[in-house]
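The values are calculated or read from the model by the stated rules, or taken from the named source; none is laboratory data. Owing to the predicted nature of the structure, the values given are computational and were not obtained by experimental measurement. For neighbour counting, all protein chains shown are included, and Cβ atoms are generated from backbone atoms with ideal geometry for every residue, glycine included.
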Amino acid sequence: MNKNEFLKAINHRGSSVFANEKVFGMNYVPDIFNYRDEQVNKLAAYCRCIGNNIAPRNLLLTGENATGKTTTLKYFLRLLLDEFSNVEVIYVNCQMDNTPNAIYREIYREVCNSDGAVIGNTNTTLLEKITENLKQTNKILIVCMDDFNRFKSKEGLNDMLYNFLRIHEVEPNVQISIFTISYEEDLNSDSAVRSVFNRSTIFFEQYTQDEMYGILKNRCEYGFRPDVISDDLIMEVAKRAYKRRDIRHGITMLRDAGLRADIEGSSIITKDFL
Ligand SMILES: Nc1ncnc2c1ncn2[C@@H]1O[C@H](COP(=O)(O)OP(=O)(O)OP(=O)(O)O)[C@@H](O)[C@H]1O
Ligand SMILES: [Mg+2]
């Protein structure tokens with residue numbers, strides 16, 4: 001292969017099967033979001049009080065892997081922010097932001113609209129700046145911590161939770177709520193934290209095989225060109241995903257099958273590509 005042929009191959013943008021490959025990406029938040037109405041309704045019910053400028057209860061979203069906890073929360077937050085202007089939301093994933101300082105920095109950047117350097121600021125300074133800003137704007141702050149059980153230091157975590165959850169005792173007009181995605185037994189909190197961090201639980205049960213089929217069919221409609229994959233084959237993928245109790249596995253299988261079909265130049269996905 002000469003350089004021109006290589007450049008043609010590597011820059012080839014058209015796909016024989018994909019209409020939008022991003023639809024199969026792991027961070028994709030679908031526009032149509034079925035089977036989680038119960039959980040979205042509960043989130044809405046807990047957040048109704050924001051309309052009266054009252055912070056919602058602290059929440060725990062829990063359930064097995066790939067039951068839609070992260071997607072549901074992100075989907076809900078998008079709707080919430082469209083509706084209310086008196087709320088500030090921070091979403092962090094504790095696999096990445098797993099120290100108090102990382103969380104304080106994220107909140108500071110968002111709340112204080114700051115792109116400036118925050119390194120070197122102590123947690124106390126950052127909390128002071130955040131509090132001052134919340135006081136001025138009179139906004140409720142919701143801190144969402146995904147994969148909460150991945151947080152590194154339990155001691156640092158207790159201090160931070162204590163600061164957030166008891167902030168109203170020193171600053172009566174500042175309100176902070178904490179939404180976590182985690183397991184039930186995720187925290188060895190000290191009693192001072194426990195007494196203010198009594199979270200309400202929203203449970204995410206595993207999807208049925210039919211629900212998995214529905215989710216995967218929807219992805220195919222948005223992600224593939226028309227008539228690329230048959231309903232029977234989508235059902236086969238749903239069966240395999242259900243066996244593993246993992247819808248993520250099904251989505252990945254569809255994307256990989258699409259990539260294989262693409263490489264072969266095929267405009268349909270057959271069982272051979274699974
Ligand atoms: N109801 C749904 N409709 C469409 N897609 C969904 C639905 N539920 C989950 N998904 C998709 O399944 C994948 C896994 O969902 P998500 O990441 O939200 O699960 P999770 O419960 O947070 O998993 P984990 O516990 O492993 O973090 C994502 O790609 C998501 O888009
Ligand atoms: Mg998740």
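With Arg245, Arg240 as the choices, which residue is of a type outside the set (Asp, Glu), in the same structural domain as Val17 (by TED's automatic domain parsing) and at positive phi? On inspection, the qualifying residue turns out to be Arg245.
When the residues of the stretch 65-95 are filtered to those that are touching a Lys or Arg at 6+ places or on another chain (Cβ under 6 Å) and more than 23 Å from Arg48 (Cβ to Cβ), which remaining residue is farthest from ligand 1 (Cβ to nearest atom)? Among those that are touching a Lys or Arg at 6+ places or on another chain (Cβ under 6 Å) and more than 23 Å from Arg48 (Cβ to Cβ), it is Cys94. Within the stretch 137-156, the set of residues being surrounded by 15 or more Cβ atoms within 10 Å (Cβ to Cβ), away from ligand 2 (no atom under 16 Å from the Cβ) and at pLDDT below 90 comprises Gly156 only. The sole residue among Ile130, Ile140 that is over 23 Å from the mean Cα position of the chain (by Cα) and farther than 20 Å from Ser189 by Cβ is Ile130. Under the condition of being part of a helix (DSSP H, G or I) and either in contact with an Asp or Glu (Cβ under 6 Å, 6 or more places away or on another chain) or modelled with pLDDT of 95 or more (or both), the residues counted in the stretch 190-221 number 13.
Among the helices (runs of 4 or more DSSP H) contained in the stretch 1-107, which hold 1 or more residues that are at pLDDT below 95 and within 16 Å of ligand 2 (Cβ to nearest atom)?
Here the list reads 69-83.
Only one of the numbered conditions (1) under 18 Å from Ile142 (Cβ atoms); (2) among the charged types (D, E, K, R); (3) touching a Phe, Trp or Tyr at 6+ places or on another chain (Cβ under 6 Å) is violated by Asp186, and that is (1). Taking the criterion of being more than 12 Å from Phe179 (Cα to Cα) and touching an Asp or Glu at 6+ places or on another chain (Cβ under 6 Å), the only residue of the stretch 59-87 that qualifies is Ala66. So, Ile103, is that one in contact with a helix residue (DSSP H, G or I) (Cβ under 9 Å, 6 or more places away or on another chain), free of Cβ contacts under 8 Å to residues at least 60 places away in the same chain and either outside the structural domain of Arg219 (by TED's automatic domain parsing) or within 14 Å of ligand 1 (Cβ to nearest atom) (or both) or not? Yes. Taking the listed residues Val17, Val23, the one that is surrounded by 13 or more Cβ atoms within 10 Å (Cβ to Cβ), in contact (Cβ under 8 Å) with a residue 60 or more places away in the chain, touching a strand residue (DSSP E or B) at 6+ places or on another chain (Cβ under 6 Å) and assigned by TED's automatic domain parsing to the domain that holds Ile247 is Val17, with no other qualifying.
Taking every residue in the stretch 242-256 that is more than 17 Å from Phe224 (Cβ to Cβ) and pairing it with any residue that is modelled with pLDDT of 95 or more and more than 12 Å from ligand 1 (Cβ to nearest atom), at least 6 positions away or on another chain, the pairs with Cβ-Cβ distances below 6 Å are Tyr242/Gln209.
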